Amino acid sequence: QMWEEAIALGKELAEQYENEMFDYEQLSELLRKQAQFYENIVKVIRPKPDYFAVGYYGQGFPTFIRNKVFIYRGKEYERREDFEARLLTQFPNAEKMKTTSPPGDDIKTSSGQYIQCFTVKPKLDLPSKFHRPVSEQIVSFYRVNEVQRFEYSRPVRKGEKNPDNEFANMWIERTIYVTAYKLPGILRWFEVKSVFMVEISPLENAIETMQLTNDKINNMVQQHLNDPNLPINPLSMLLNGIVDPAVMGGFANYEKAFFTEKYMHEHPEDHDKIEKLKDLIAWQIPFLAEGIRIHGEKVTEALRPFHERMEACFRQLKDKVEKQYGARAILSSPEQRRGSRPRSMVRSFTMPAASRPLSVASVSSLSSDSTPSRPGSDG
């Protein structure tokens, strides 16, 4: 299902058939295949394999893997437990480590075998040809393919525990792993050549979480725009989980932790980041509105009361957010919504805030001044 790679090879073959061999019959067959590959990229949902970091520690291992870390690409829909079981059958005498922290010299120099395994997240590295916003279906391939950097995040508490708000002192310790080559390659696993660690502050963590939530809504909206036959249940769960009053968009705790005079007085350097978080909260509303619109069109009569309750919750959430953080809107015409190829509207949903296209516009920004803010202008 790596059609992108097949297309690249097909272009090489096409050059041979057209200009070297003059075999137009083969060329026409190849071009038909390529057309199918392009269609598959846009229309077929591909499974995203997980990636696992595996460390082999102890003198009991062969020298080529001893005290080294490798990144493995799992099989389709393979869980970590199944991958570990498969790994441990190759080393029946090895002991599985319970922690994800790097081991000490006592384990590295011991005569035994210790295996450390945990899931890591691939970091998207888009090819340079994507210099403008493109469909999420095209981008999704590069989220788990042609990747060389991977990260593992671990929550760390600093300072006194706040029973009322756990977000205020929740830091993230993020470890970045860089492999020798991009995955997948000739092998399904490559050695880690460099490791470094960064700390993410509670406010940066909140910004990241809000961005991920917005992207999740956008991606699901686009999938439903591309394929009207998709089941509605995942969309129902996602939207309801965000607009439910008990959750309040997932940001009520951020307001208590960061949008206070006390926090601003203690952390004046965080002013821009707080404005960015407010902007992300405001942008969530038009994305949710589009999701609820699609949900209303596809919902069955049996689920109509559920949808109406969700709409009522959303109206409350919308009023609250627009009053506090301003209104945002995605510009799209009714024809684009009804059309069979809603690509131009879809582009509004595909890119992170830093690359937001100009077709996405801010209607008003009531939170600071009268000047409309361009989305993503703060990076």
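The values are calculated or read from the model by the stated rules, or taken from the named source; none is laboratory data. This structure is a prediction, so every number in the text was calculated from the model and none was measured. A quick note on method: Cβ atoms are made from the backbone with ideal geometry, for glycine too, and the neighbour counts reach across all protein chains shown. Ligands, DNA and RNA are stripped out before the accessible areas are found, and what is left, the full protein with its side chains, is counted by its heavy atoms. Shrake-Rupley method; radii C 1.70, N 1.55, O 1.52, S 1.80 Å.
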Quick count over segment 38-76, residues being open to solvent by less than 10 Å² (accessible area, probe 1.4 Å) and either outside any strand (DSSP E or B) or at pLDDT below 95 (or both), is 4
Considering every residue within segment 182-192, establish whether at least one is closer than 27 Å to Leu277 by Cβ, modelled with pLDDT under 95, open to solvent by 20 Å² or more (accessible area, probe 1.4 Å) and of a type in the set (A, V, I, L, M, F, W, C).
no
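Determine if segment 7-17 includes at least one residue that is within 19 Å of Val144 (Cα to Cα) and over 23 Å from the mean Cα position of the chain (by Cα).
Yes, segment 7-17 has at least one match.
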Yes or no: segment 279-295 includes at least one residue that is assigned by the TED database to the domain that holds Leu238, open to solvent by 10 Å² or more (accessible area, probe 1.4 Å), assigned to a helix (DSSP H, G or I) and closer than 22 Å to Asn205 by Cβ.
yes
Look at Ile107 and say whether it is among the β-branched types (Val, Ile, Thr), under 30 Å from Val221 (Cα atoms) and touching a residue at least 12 places away in the same chain (Cβ under 8 Å).
no
Take the residues of segment 268-278 that are in contact (Cβ under 8 Å) with a residue 40 or more places away in the chain and out of contact with any helix residue (DSSP H, G or I) (no Cβ under 8 Å at 6 or more places or on another chain): which is surrounded by the most Cβ atoms within 10 Å (Cβ to Cβ)?
Glu275
May I ask you to list the residues in segment 279-323 that are polar (S, T, N, Q) and out of contact with any helix residue (DSSP H, G or I) (no Cβ under 8 Å at 6 or more places or on another chain)?
Thr300, Gln316
Any residue at all in segment 92-100 that is open to solvent by less than 30 Å² (accessible area, probe 1.4 Å) and of a type outside the set (A, V, I, L, M, F, W, C)?
no
For Arg174, only one of the following conditions fails: (1) assigned to a loop (DSSP other than H, G, I, E, B); (2) open to solvent by less than 80 Å² (accessible area, probe 1.4 Å); (3) charged (D, E, K, R). What is its number?
(1)
Of the residues in segment 206-242, those that are more than 14 Å from the chain's Cα centre (by Cα) and under 25 Å from Tyr254 (Cα atoms) come to Ala206, Leu235, Ser236, Met237, Leu238, Leu239, Asn240, Gly241, Ile242
